[in-house]
Amino acid sequence: MSQDFQVEGVPCGWNHLPSPRVWDDGRVTKETRPLWGPVGGRYHADDASHLTHALRALPERWRRDVLKHYSALNESEGRSGANRWISDLAEEARSFPLRLGADSEEIRQKAASMAKHCARSRTLAGALPWCDRMGVSAPHGETDDSKLRRLCDVKWWRRKLFASHTQHVDKFAREFGLVHQRRGVYVSDAAMGLIQARRKNARLMLEQWEAVNELDQSFSLAELQDLSVSNPRLRRNEMMTRLSGTESRAREVGHAAAMFTVTCPSRFHAVLSASGKPNPRFTGLTPHDGAQYLNRVWANARRWLNQKGVHVYGIRVREPQHDGTPHDHLLLFAPADQLDEVIRILRTWALKDSPEEPGAQKYRFDVRRIDYSKGTATGYVAKYVSKNIDGYGVDADLYGNDAKNSAQRVSAWASVWRIRQFQFFGTPPVSLWRELRRVTDGEVSTPFAEAVLAADEGDWARYGKALDAAPLRLFQVWSDAPGAYGEPKGYQTLGVATADGKHSLLTRSHNWTIRQMVSRPAGDRNTAVEGFSPWSSVNNCTGAPATNLQEVRQPPSPHMNQRKGPSYASPATNREPPTSHIGQKRRRLPSLGLVPLRPEMDAWH
């Protein structure tokens, strides 16, 4: 007999399957006949070809689970129900632009193909249909030319296809019941593998490129990444510094604190937590849909709070439940006499949707007041911050999994669904804090002195008080230099300035270019490389402040990053990689002079 029904990823062999036989006198008997096909499931002989065709539409790692579930449906709902289910499953899998089992290399090849198709179209109208065909959103741009440039760019297609594909994979896995505490917790194993492979490739790329300045000082992009908040440890340190400072100021003014938990209605949950079985109320909503729901709940609650003159501030931590459905933890500070009103309003909006469904009153909203005599609010929320970043100081998650491994899965979940895990509100801006921490030389005079010293010492509470006394903002200059898609680069940050724009403090003075690394003599990190022209330019490293803004503040030009003027960097030709001090106390600074801005520059802000 021909072995027609070979399915990769599923053991195949000879099956003795029941087959009806109709005799001439009308009698029907059941006989068994040998058939080559998938082994491990119970199905009718006449369904083997159909089953094999459906299984081939799915990734290999899922085929055994699908066959097992198909066999169970055969027993409970009969052939008709089982075949309808697997047909719908295969049809949905084949409706995706890329195979569910596509890997990073296949995505790269498809991106290159799409870019070529769009380039041949030559017009935006001719290229846009490819977006619909591949299931990605049309590009955003200021002009039709910039939109077409994006459609002809392999990198743009690679980003779009990867984001779309990982979401399709995880959505399919959630609906099939492969994301829960007994299987792939938080995110599907398939999506997790794609994210890990992409991050590994990105890290290899960063190790092969470097940033070099006008002094031929260079650092690999991987080193610079490790010194930024992209490093989980530094991100956690900065987060805890901000939390501690916020609580310190709240306690100084006598504000109370409470920890809130808000979860989504049952229709967002794909799997029942107790049994791991499919949730009959699930409507196919994704984690992204859940995040949008939680955003609406918080937006409506804040609107009511503002209308009643109640000021709240704190942090929101968004994390997944076992099946990937998001829920929010909010640490809120408010005047003690207004906390009851905050609780009432949040409860109202958290339960406004489907308040009568089973378990809504018990599980969908929770609040715990913080008793300062028993501990700090920062200590209470620290575990939520840690287990969603790197698992530091946490042994296991809620489901008994290793915290460090769980943190990686949570990070992958946030990447797949583009979910913002942490958000502060009602607190000083962190962008100014990071700019002020770039200052490394000189003596600082008012109005920057207090804010610079507070940021330098890692004192968030003092930094907030400094901004209350002397408000600051980012010092930015517009650049008409074309970016990757022919549009102006826009505002470029050079430092910080007073709110009225009369004084500024530069935090960036070096001109940096990004280029591919070439081999250097051992131990020599800063030897100039001959014959290498940079492909892009950035101005994003700490330098001593300029004492004259005349050149810096000239109207922007396409050559803004190659501006003339004196160099304020140290002439040293060798130095160690810059170190990061996020959340740590650093040395006090010498004095920096203030730079008065010209009056005609006010219109630039």
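Residue by residue, here is whether (1) touching a Gly at 6+ places or on another chain (Cβ under 7 Å); (2) within 30 Å of Leu67 (Cα to Cα); (3) modelled with pLDDT of 95 or more; (4) not hydrophobic (A, V, I, L, M, F, W, C) holds:
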{"site": "Arg149", "(1), (2), (3), (4)": "yes, no, yes, yes"}
{"site": "Trp157", "(1), (2), (3), (4)": "no, no, yes, no"}
{"site": "Leu178", "(1), (2), (3), (4)": "yes, yes, no, no"}
{"site": "Gly184", "(1), (2), (3), (4)": "no, yes, no, yes"}
{"site": "Val187", "(1), (2), (3), (4)": "yes, yes, yes, no"}
{"site": "Asn201", "(1), (2), (3), (4)": "no, no, no, yes"}
{"site": "Met240", "(1), (2), (3), (4)": "yes, no, yes, no"}
With (1) open to solvent by less than 60 Å² (accessible area, probe 1.4 Å); (2) polar (S, T, N, Q); (3) touching a helix residue (DSSP H, G or I) at 6+ places or on another chain (Cβ under 9 Å); (4) part of a helix (DSSP H, G or I) as the list, and Ser431 as the residue in question, which single condition is left unmet? (3)
Within segment 459-515, strands (runs of 3 or more DSSP E) holding 2 or more residues that are under 16 Å from Pro429 (Cβ atoms) and in contact with a Pro (Cβ under 8 Å, 6 or more places away or on another chain): 488-498
All positions within segment 229-271 that are free of Cβ contacts under 8 Å to residues at least 60 places away in the same chain and over 25 Å from Pro429 (Cβ atoms): Phe268, His269
Pick from segment 229-245 the residues that are part of a loop (DSSP other than H, G, I, E, B) and not hydroxyl-bearing (Ser, Thr, Tyr): which of them is most open to solvent (accessible area, probe 1.4 Å)? Val229
Applying the selection to segment 279-292, what residues are surrounded by fewer than 18 Cβ atoms within 10 Å (Cβ to Cβ) and closer than 26 Å to Ile345 by Cα? His288, Asp289, Gln292
Within segment 214-228, residues being outside any strand (DSSP E or B), open to solvent by less than 60 Å² (accessible area, probe 1.4 Å), touching a Phe, Trp or Tyr at 6+ places or on another chain (Cβ under 9 Å) and touching a residue at least 60 places away in the same chain (Cβ under 8 Å) number 2
Quickly run through segment 303-317 and pick out the residues that are open to solvent by 40 Å² or more (accessible area, probe 1.4 Å) and part of a helix (DSSP H, G or I). Arg303, Trp304, Asn306, Gln307
Candidates Glu75, Glu142, Glu91 - the one that is exposed (fewer than 13 other Cβ atoms within 10 Å of the Cβ), more than 23 Å from the chain's Cα centre (by Cα) and in contact (Cβ under 8 Å) with a residue 60 or more places away in the chain: Glu142
Looking only at segment 99-118, how many residues end up being open to solvent by 50 Å² or more (accessible area, probe 1.4 Å) and over 21 Å from Asp170 (Cα atoms)? 3
For segment 318-364, name all the residues that are at pLDDT below 95, of a type in the set (S, T, N, Q) and assigned to a helix (DSSP H, G or I). Gln361
Among the listed residues Gly391, Gly375, which satisfies the condition of being open to solvent by 20 Å² or more (accessible area, probe 1.4 Å) and modelled with pLDDT under 95? Gly375
Which of the residues belonging to segment 344-396 are without any contact (Cβ under 8 Å) to a residue 60 or more places away in the chain and at positive phi? Gly375, Gly391, Gly393
When segment 247-293 is examined, which residues are found to be touching a strand residue (DSSP E or B) at 6+ places or on another chain (Cβ under 9 Å), among the small types (Gly, Ala, Ser) and in a loop (DSSP other than H, G, I, E, B)? Gly254, Ala270
Screening Arg120, Arg159, Arg133 for residues that are under 19 Å from Ser415 (Cα atoms) and in a helix (DSSP H, G or I) leaves only Arg159
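The values are calculated or read from the model by the stated rules, or taken from the named source; none is laboratory data. Just so it is clear, the structure is predicted and the values come from calculations on it, not from any experiment. A quick note on method: Cβ atoms are made from the backbone with ideal geometry, for glycine too, and the neighbour counts reach across all protein chains shown. The accessibility values were calculated without ligands, DNA or RNA, using every heavy atom of the protein model including side chains. Shrake-Rupley method; radii C 1.70, N 1.55, O 1.52, S 1.80 Å.
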